[in-house]
Every structure is written in structure tokens, then in C-alpha cells.
Amino acid sequence: MTPQPIVLRKDQERRLLAGHCWIYSNEIDTQRTPLKQLAPGQAVEILSNRERWLGHGYVNPHSLICARLVSREREQPLTPALWIRRLRDALALRERLYEQPFYRLAFGESDGLPGLVVDRYGDLLAVQITTAGMERERADLLAALEQVLRPRALVLRNDTSVRALEGLDQQVEVALGEAPERLEVCEQGLSFAISPLGGQKTGWFFDQAENRTRLARFGVGRRVLDVCSYVGAWALRAAALGAERVTCVDSSASALEQLQENAARNGLADRIEVRQGDAFEVLRELREAGERFDTVLLDPPAFIKRRKDEKDGIQAYQRLNRLGIELLEPGGLLVTSSCSFHMGREPFLRTVQQAARKSGHSLQLLETGQQGPDHPVHPAIPETAYLKTFFLRLLPAF
């Protein structure tokens, strides 16, 4: 059966020809493509206004991102063979990069699999499907994962709020085998117990692994503050590098409990202290108590999830960084991150600089980081370059 064609408005194919794969609802010629007749997730062929064939994809008439281009090869429509081919390509990259099977296996658009994220924890795969198009292909995608990876267990972590934008429900389920309540992740000689069925993302933040490794280059000093610490990836790295005391701040009691368990399993429990509460409030309390740290680590959740949140988000980043800077010893190290893809690298750096100036200090930028290579950036899709991490040194004002 030939897929339904969708026709773009005049000159709206330029971004697609440059490599992007998103099509917005206002870019479609609705006179020639009656969207109301299309079902969410339906496979389509994408044509320019002059009916130039552009690719195979899928559509969701109820979403702002109305369609996504998946294949630019006419002989490669959305079939099980295509999913197997894409997953094998993705696996080949990760096996080239990593000795152990702990990484993001599939990163949506960057791996030619828009709407699909897969994290690999040894022989367990944690899968997130975020679009109606990939939800419609779910059975074939899971079969392809089984064929390519031969996992012992497969967990669907379809509890992300992004699914609501596509009209999809949110749930967690085990699609294959049995998933343990806890499993082990290994990173740079440290062992972490994480929850594949709960917690943030799919239980772990692989995207910051490369940046956590960079800490060794700069040294962390005796006292470290880790804000939004989750289950302790940054904190335990700092402790393993010689920090005598790492203060961990998080709003989640369960995350801090897991952090303490992870500290104990690595023999670092005596160097860790935890403080549950709102990050801004706890930092103000530490400042008022006269606390100072040699290294401050700031890795908050995204403050800018939608474009309309930009103003408030920038203010939140500035407040958080100012509080962090005010807790640093002179010459101390600030490691600060933003995972908001609506906030570019330069605007984020400018926001951190403004925070320093308002606190009466200056900064030296030592190094910049981004998400690791298991989260590859698509050069034509700036939204895939979402993580910014800066390593900065605090100086007196000058």
C-alpha cells in the first residue's frame, strides 16, 4: 500500500533539504493535504509544493511538529528492515566508543530514529517512544531491538511528559523478560545502583559522563557542593578524586537515599552528606551560614522547556549560578550545566557571566563540554545540541 502523500507549501522544503527532519503544521499545504483525514502516526510520503519527492515519514495532524521525515531513500520506507538497519548503525558507533555496554544506544533524530530513545544497561534496554509515529511502529521497533541486541529485558519508560503533546498516554511497562528493581551501572571505576523502572529519564544520565570524567583534570579541592545531585554521579566522582566532604543537595528524598547507598557501595559514605530541599533555598541557607566550597557543581533540570519559558528560565539560571558563585572560595571551580535546548551556548555563558558580575566576581572559562558522543549532534538540527557544561574558575572582581 502506497503511503499517503503530504504536500508542503511553497519554499517550505529548504530546511528539509538542508538536513532537518521536522515539518510544522503551518508548512503544509492543507488545501492539497487535508490533515483531518490523516491518523496520528500514519506513514506518509513528503512532497514539495512542486511535488518533488523528499522522503518517507510519519504524520500527526494534532501536533505542532506535524510530520517527521525518517528516510530520504525512496526504496527504504518505514519497515522492519529500516529499523534494523538504523539500530545496527547506532550500535556500531557505540561499540566503537565504549568498552562496556552502558550508554545511550539510540538518540532520536541524530540516529535517524525520530521519536525513539534507547538506553542500554548491559543486557537490559530502557526504551522511550515519544511520538505517535513511533508508537504506531512499536511492535516492529521492539522486534528490531530484540534481533539486534538480544536483550534479557526490555523496559518501556513511556512516562515522559513529551508524549502528552502527541496525544499519547504515559506509562511504564516491562515488554520483555523481568526487570529488576535495581541494576548496576559502571562509570570510570565507580559502581551505581539505579532504578530502571523509576527515577529521572531512564534511571541514569549518560549524557554527562564525559564531563564528569573531565573533573580529574582540574582537581576538586577539599570541599565540594553538588546541587541537583540525583543519585550521586557527580558527587561520587568528586569524592573519588579526593574531596574530603561532598555536600549533596536534591529535592528528592528517594534520590538522596539511593545516593547514600551508592556512596556506601563505593566505600565513600564517610565523605558524603546530603541535604534535601529546594536548591535555591538550601543554597541561601548555606550562604547565610558562611559555608564555602572549593568546587560547586550545578546540574539542574531544564528551566526552559518551552520557548515561552525563556525569560523566567534565564532568570532561574542566573539566580542559581549567582548563589553557587557566592559559595565558592576564591580560585574555586564552578562546573555549571544547562540541558535546555532553547538556551544556546552563548546565551548560557552570558547568563553565568552576569551572575558573576552581580556577585562582584569575575570568571575564567577553562573548558566547555556538551553531551557525550552516544548523544551525537545532528549538524542540521540544533535542537539535538541541548547540553552545555562550562568549567570556570572564580576570580576577584577586576
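The values are calculated or read from the model by the stated rules, or taken from the named source; none is laboratory data. None of these values were measured; they are calculated from a predicted model. Heads up, the Cβs are rebuilt from the backbone with ideal geometry, glycines too, and the neighbour counts pull from every protein chain shown.
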Checklist outcome for this item: Over the range 143-180, the set of residues among the polar types (S, T, N, Q) and either out of contact with any helix residue (DSSP H, G or I) (no Cβ under 7 Å at 6 or more places or on another chain) or within 19 Å of Pro101 (Cβ to Cβ) (or both) is Gln147, Asn158, Thr160, Ser161, Gln171
Next on the checklist: Restricting to the range 125-138, give me the number of residues that are out of contact with any helix residue (DSSP H, G or I) (no Cβ under 6 Å at 6 or more places or on another chain), closer than 14 Å to Asp169 by Cβ and not in a helix (DSSP H, G or I).
Outcome noted: 1
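Residue by residue, here is whether (1) of a type in the set (Ser, Thr, Tyr); (2) exposed (fewer than 13 other Cβ atoms within 10 Å of the Cβ); (3) within 24 Å of Ile194 (Cα to Cα) holds:
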residue	(1), (2), (3)
Gly267	no, yes, yes
Lys308	no, yes, no
Gly313	no, no, no
Gly324	no, no, no
Checklist entry - Does the range 139-162 contain at least one residue that is assigned to a helix (DSSP H, G or I) and modelled with pLDDT under 95? => result yes
Checklist entry - Is it the case that the range 146-168 has a residue that's of a type in the set (Asp, Glu) and either within 17 Å of the chain's Cα centre (by Cα) or within 30 Å of Ala239 (Cα to Cα) (or both)? => result yes
Checklist entry - In the range 1-68, which strands (runs of 3 or more DSSP E) lie fully inside it and hold 3 or more residues that are out of contact with any Phe, Trp or Tyr (no Cβ under 8 Å at 6 or more places or on another chain)? => result 4-7, 22-24, 53-59
Checklist outcome for this item: For Pro114, the lone unmet condition from (1) in a loop (DSSP other than H, G, I, E, B); (2) in contact with a Pro (Cβ under 9 Å, 6 or more places away or on another chain); (3) at pLDDT 95 or above is (2)
Checklist entry - Here are some conditions: (1) in a loop (DSSP other than H, G, I, E, B); (2) without any contact (Cβ under 8 Å) to a residue 40 or more places away in the chain; (3) within 21 Å of the chain's Cα centre (by Cα). Trp204 meets all but one. Which one does it not meet? => result (2)
Next on the checklist: Between a residue in the range 375-390 that is surrounded by 23 or more Cβ atoms within 10 Å (Cβ to Cβ) and any residue that is among the β-branched types (Val, Ile, Thr) and in a loop (DSSP other than H, G, I, E, B), which pairs come within a Cβ distance under 9 Å, given they are 6 or more apart or on different chains?
Outcome noted: none
Checklist outcome for this item: Gly189 vs (1) at positive phi; (2) at pLDDT 95 or above: all pass except (2)
Checklist entry - Of the residues that make up the range 72-88, is at least one farther than 16 Å from Met134 by Cα, touching a residue at least 12 places away in the same chain (Cβ under 8 Å), in a loop (DSSP other than H, G, I, E, B) and of a type in the set (A, V, I, L, M, F, W, C)? => result no
Checklist entry - Just checking, how many residues over the range 229-265 are crowded, with 20+ Cβ neighbours inside 10 Å and at positive phi? => result 2
Checklist entry - What number of residues within the range 364-398 satisfy the criterion of being more than 20 Å from Ala209 (Cβ to Cβ) and under 13 Å from the mean Cα position of the chain (by Cα)? => result 1
Checklist entry - From the list Leu327, Leu298, which residue is under 18 Å from the mean Cα position of the chain (by Cα) and within 22 Å of Thr247 (Cα to Cα)? => result Leu298
Checklist entry - Based on what the data block shows, is Gly331 crowded, with 21+ Cβ neighbours inside 10 Å and not aliphatic (A, V, I, L, M)? => result no
Checklist entry - Filtering the range 216-242 down to residues that are assigned to a helix (DSSP H, G or I) and in contact with a Lys or Arg (Cβ under 7 Å, 6 or more places away or on another chain), which residue is nearest to Gly324 (Cα to Cα)? => result Trp234
Item to check | Pairs, first farther than 15 Å from Glu383 by Cβ and in the same structural domain as Gln208 (by TED's automatic domain parsing) in the range 337-352, second surrounded by fewer than 19 Cβ atoms within 10 Å (Cβ to Cβ) and of a type in the set (A, V, I, L, M), C-beta under 8 Å, six or more apart | outcome: Leu349/Leu365
Item to check | Only one of Val59, Val117 that is closer than 23 Å to Gln200 by Cβ and either buried (at least 24 other Cβ atoms within 10 Å of the Cβ) or under 20 Å from the mean Cα position of the chain (by Cα) (or both) | outcome: Val117
